[in-house]
Amino acid sequence: MDDLIAFLRARLDEDTRGLGDAQSISGMRWVVGTMQGTTVLMSASRFRAELDAKRQIIALCEPPLVDVRGLGDNEPRFIPGEGAPWGIDVLRVLALAYAGHPDYQDAWRP
């Protein structure tokens, strides 16, 4: 799951960097792009909100780290705990939007 989460975060970071190229139309900033062959026009603020929502979804799906240090251990020792049973399915669906990316793995398909 870690590689899928890293993939999604990298794509969102790319999308965020691309937002810097938003075009100004009638005094508002717009993002113009294509999605599956269709031209998309969205306000920059809406696009930022979409990216933020996706980051929050990823955080909800990511398994928490659990401190497994024993008695007398001074240093915390973390391992991934069990996440929500539906988390991996949600992440796979989010990743479908990037299925055309060269780093996308077919094993992630829902």
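The values are calculated or read from the model by the stated rules, or taken from the named source; none is laboratory data. Everything quoted here is computed from the prediction, not taken from an experiment. Here Cβ is always computed from backbone atoms with ideal geometry, including for glycine, and neighbour counts include all displayed protein chains.
Some observations on this one:
- Verdict on residue 109 being loosely packed, with under 15 Cβ neighbours inside 10 Å, more than 13 Å from the chain's Cα centre (by Cα) and farther than 20 Å from residue 54 by Cβ: no
- Near pairs, Cβ below 9 angstrom, 6+ apart or cross-chain, from the range 40-69 (without any contact (Cβ under 8 Å) to a residue 12 or more places away in the chain) to any residue that is surrounded by 14 or more Cβ atoms within 10 Å (Cβ to Cβ) and among the aromatic types (Phe, Trp, Tyr): 41/30
- The number of residues in the range 1-53 being modelled with pLDDT of 80 or more and of a type in the set (A, V, I, L, M) comes to 10.
- Consider the range 64-93 and keep the residues that are more than 30 Å from residue 11 (Cβ to Cβ) and hydrophobic (A, V, I, L, M, F, W, C). The one that is nearest to the chain's Cα centre (by Cα) is 68.
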